[in-house]
1. Could you go through the stretch 210-218 and let me know if any residue there is closer than 15 Å to Ile147 by Cβ, under 22 Å from the mean Cα position of the chain (by Cα) and not polar (S, T, N, Q).
2. Could you tell me whether the stretch 174-186 includes any residue that is closer than 23 Å to Ala113 by Cα and without any contact (Cβ under 8 Å) to a residue 24 or more places away in the chain?
3. Restricting attention to the stretch 266-283, does a residue exist that is among the charged types (D, E, K, R) and within 22 Å of Glu100 (Cα to Cα)?
4. Mind listing whichever residues of the stretch 246-292 are farther than 24 Å from Pro152 by Cβ and charged (D, E, K, R)?
5. Assuming Val272 fulfils every condition listed in (1) among the aliphatic types (A, V, I, L, M); (2) surrounded by fewer than 22 Cβ atoms within 10 Å (Cβ to Cβ); (3) part of a loop (DSSP other than H, G, I, E, B) apart from one, which condition is it?
6. Do we have Thr73 as open to solvent by 100 Å² or more (accessible area, probe 1.4 Å), modelled with pLDDT under 95 and part of a helix (DSSP H, G or I) here?
7. So which residues in the stretch 232-262 are surrounded by 15 or more Cβ atoms within 10 Å (Cβ to Cβ) and assigned to a loop (DSSP other than H, G, I, E, B), if there are any at all?
Amino acid sequence: MISANDLSPAQLAALLAFHGDAGVEWLLEEEPVDRFAEFEAMKAARGTARTAATSNRAEAPASQSAARQTAATAAPTPSRAPTPIANAPAVAIPDAQAIEEARFAAESARSLAELRVAMEGFAGCNLRNSARNLVFAEGDPASGIMIVGPMPYADDDRDGQPFAGRLGEMLTRMMAGIGLTRESVLLSNVVPWRPPGNRVPTAREADICRPFIERQIALAEPKHLLLLGNFTARFFFGGNDTIHQLRGEWRELAIGGINVPTLATLHPQDLVTAPINKRFAWQDLLAFKARIHG
């Protein structure tokens with residue numbers, strides 16, 4: 001194995017770029033760690049602690065138990081209301097109620113700032129319980145251009161902003177190819193909280209979050225909308241077609257009383273995992289550029 005100390009700065013940079021393009025996201029330690037042994041040691045320690053606690057309770061003086069019994073016989077304990085459980089689990093909200101509450105919260109917002117506050121206080125979607133941050137729209141709402149992805153990924157959830165990390169860098173390069181920047185558009189996602197493990201949001205989760213993304217579009221009033229990825233295109237267009245069937249065709253999307261010319265293309269993740277998709281995305285981006293400058 002070649003040590004990093006034996007590589008020149010240029011060679012090291014090339015090696016890191018190669019690993020990044022190959023999908024490597026984590027660096028490993030130089031020495032292997034036996035996680036199974038750590039887990040067994042942790043279980044053994046917990047078992048020892050439980051055994052010690054049990055022994056201490058068994059060895060308590062019998063006189064203390066007799067004294068408590070005598071006191072209980074001499075003076076009956078007055079009735080008391082049951083003590084509430086400190087950390088009672090939250091009661092699940094029925095789907096219909098959660099959707100209605102999301103719709104009310106979204107429609108009550110008169111600006112994107114108010115909408116963000118409403119979404120931060122919304123508790124009807126289970127995704128917020130596992131996500132680190134609410135990932136809200138970012139960029140220039142007055143630009144007339146809005147780009148919408150499916151959901152936050154791990155980097156987005158960590159940083160609290162849409163399209164962060166490696167996928168964000170890919171999107172930045174995609175936009176730069178047609179003269180756009182992160183600051184010159186409005187970036188957002190259909191679902192504002194990261195699903196565990198980057199799984200696809202369920203139909204229930206999408207329905208609950210629909211009022212929020214539709215309200216973002218209605219408040220921003222974009223003149224052109226670019227949708228990224230399979231989930232996003234299906235969410236707005238309906239049906240079960242794949243992104244390769246939905247991409248590259250302009251459609252009129254009616255949201256919040258406005259009609260927005262909308263184009264779907266591949267998500268940056270699609271380009272990272274299958275670089276051959278870049279040519280299709282480039283065709284779509286050129287079509288998008290021609291429309292916004294037409």
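The values are calculated or read from the model by the stated rules, or taken from the named source; none is laboratory data. Note that this is a predicted model, so its numbers are computed, not measured. A quick note on method: Cβ atoms are made from the backbone with ideal geometry, for glycine too, and the neighbour counts reach across all protein chains shown. For accessibility, only protein heavy atoms count, side chains too; no ligands or nucleic acids. Shrake-Rupley method; radii C 1.70, N 1.55, O 1.52, S 1.80 Å.
1. Checked against the condition, which is being closer than 15 Å to Ile147 by Cβ, under 22 Å from the mean Cα position of the chain (by Cα) and not polar (S, T, N, Q), the stretch 210-218 yields at least one hit.
2. yes
3. no
4. Glu249, Arg251, Glu252, Arg279, Lys289, Arg291, listed by residue number.
5. Failing condition for Val272: (3).
6. yes
7. Within the stretch 232-262, Arg247, Gly248, Gly256 qualify.
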